[in-house]
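Since the structure comes first, as structure tokens, the remarks are kept for the end.
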Amino acid sequence: MNAERRAEYAFGPEVRLGVQGSPRARAHFEQEYGPAARSRGTPDVDAEIRYALHSRADPRLPYAAGHKTARWRVALGDPRENPLHVAISVSGGPPAFALSLVQGYYVEPLLAVALARAGYAALPSAGVVDGDGAVVVMGRSGTGKSSMSVRGLARGHAILGDDQVVIGADGGCWRYPRRLRLYPDVEHTAPDAWHRLRPSTRRILRLRRVIRRVTRGFVAPSLAVPVAELGAPVAADERVGASRLVIVERSGEVETLTERERDADWAARAAAGVLADQRRRFSTMAGGRWAVALQEAAEHEAEVLRAWLRPLPIAQLQIPRGWEAPRAITALVERLGLGP
């Protein structure tokens, strides 16, 4: 990388992401993962990201893709190098939308590989701290993790993340330092949190509800909101012991909230499926030379998961698919015991 200023961000107790590039891109990642951590020299993942609203993405980068109004090109480094390197050129907008896409599609999968190599895993889940430790709630998109998290925040609980939590084989959990992702329905799914949001945040969410309706769902991005807007975040290097794992899914086979006790093997298979889905786009782009590295990362994650899961009580919660979101989230929060 060249001599541009680089900021570093901490993921768990050991892994660092270094980001440099254009001012708009640097500002986005500072808002997402900040405050920046003190540099430890060479980061584990080195990302060079450039954004321009109207310019074409850099044609020198080999892989081209896009989604809706955003376009980008990507070049991955050698998976055997340290640090893992990615260069991304992004165009189109809005800027936060375009940059969030490449963040989720390319930067965070590289972080997952670095975490796995360091002996940790980025588990697709929410983590809410209660009196006994961290209640970790795993589920696919749309199962209510974010709404449950902000309701927990509004009721005085600290959270480790609303979509990912860093876990270690010793049973520990660490904050995944990303902003919350809120949709306009938070007014109804988490009304106690809604009233604690800033007036400007509520206005933006209401505007996005109108835009979604007018565009018939074509424009329906979430809004990134700092955890501190609703409660105090857990320190980046603070370890919290896991108290239990709850795996949530929407099901057409149940008519009421249904809970089943599960074992560690079942939970490990469920987690492996979610992790594989999460990195599918990255795997397609990365190609053959990354296939071995990704398989090794998955094996490291499986080892971490088995050790982390072994002492935990594990439950599967099935929520009727026909329940509207406010009812489903209320039932989930009450079953988890995340009251004031």
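The values are calculated or read from the model by the stated rules, or taken from the named source; none is laboratory data. It should be emphasised that the depicted structure is a prediction, and the values quoted were computed from it without experimental measurement. Heads up, the Cβs are rebuilt from the backbone with ideal geometry, glycines too, and the neighbour counts pull from every protein chain shown. Ligands, DNA and RNA are excluded from the accessible area calculation, which covers all protein heavy atoms including side chains. Shrake-Rupley method; radii C 1.70, N 1.55, O 1.52, S 1.80 Å.
Some points to look at:
- Residues satisfying the stated conditions in the range 1-37, i.e. open to solvent by less than 50 Å² (accessible area, probe 1.4 Å), farther than 17 Å from A112 by Cβ and among the acidic types (D, E): E8
- Residue among D170, D163 that alone is within 23 Å of R327 (Cβ to Cβ), in a loop (DSSP other than H, G, I, E, B) and not hydroxyl-bearing (S, T, Y): D163
- Within the range 88-147, the set of residues being among the polar types (S, T, N, Q) and under 17 Å from D277 (Cβ atoms) comprises S125, S141, T143.
- Against the conditions (1) at positive phi; (2) of a type in the set (G, A, S); (3) surrounded by 21 or more Cβ atoms within 10 Å (Cβ to Cβ), A193 satisfies every one except (1).
Okay, residues lined up against (1) crowded, with 16+ Cβ neighbours inside 10 Å; (2) of a type outside the set (A, V, I, L, M, F, W, C):
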{"position": "V214", "(1), (2)": "no, no"}
{"position": "L223", "(1), (2)": "yes, no"}
{"position": "R239", "(1), (2)": "yes, yes"}
{"position": "R250", "(1), (2)": "yes, yes"}
{"position": "E253", "(1), (2)": "no, yes"}
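- Residue match in the range 306-324 (condition: among the charged types (D, E, K, R), over 17 Å from V254 (Cβ atoms), part of a helix (DSSP H, G or I) and open to solvent by less than 30 Å² (accessible area, probe 1.4 Å)): no
- Residue, farthest from the chain's Cα centre (by Cα), within the range 126-160, restricted to residues that are within 22 Å of A264 (Cα to Cα), buried (at least 20 other Cβ atoms within 10 Å of the Cβ) and not aliphatic (A, V, I, L, M): T143
- On the stretch given as the range 38-50, residues that are more than 19 Å from the chain's Cα centre (by Cα) and open to solvent by 30 Å² or more (accessible area, probe 1.4 Å) total 7.
Yes/no per residue for (1) surrounded by fewer than 17 Cβ atoms within 10 Å (Cβ to Cβ); (2) polar (S, T, N, Q); (3) on the phi < 0 side of the Ramachandran plot:
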{"residue": "P59", "(1), (2), (3)": "yes, no, yes"}
{"residue": "A70", "(1), (2), (3)": "no, no, yes"}
{"residue": "E81", "(1), (2), (3)": "yes, no, yes"}
{"residue": "I88", "(1), (2), (3)": "no, no, yes"}
{"residue": "S100", "(1), (2), (3)": "no, yes, yes"}
{"residue": "Q103", "(1), (2), (3)": "no, yes, yes"}
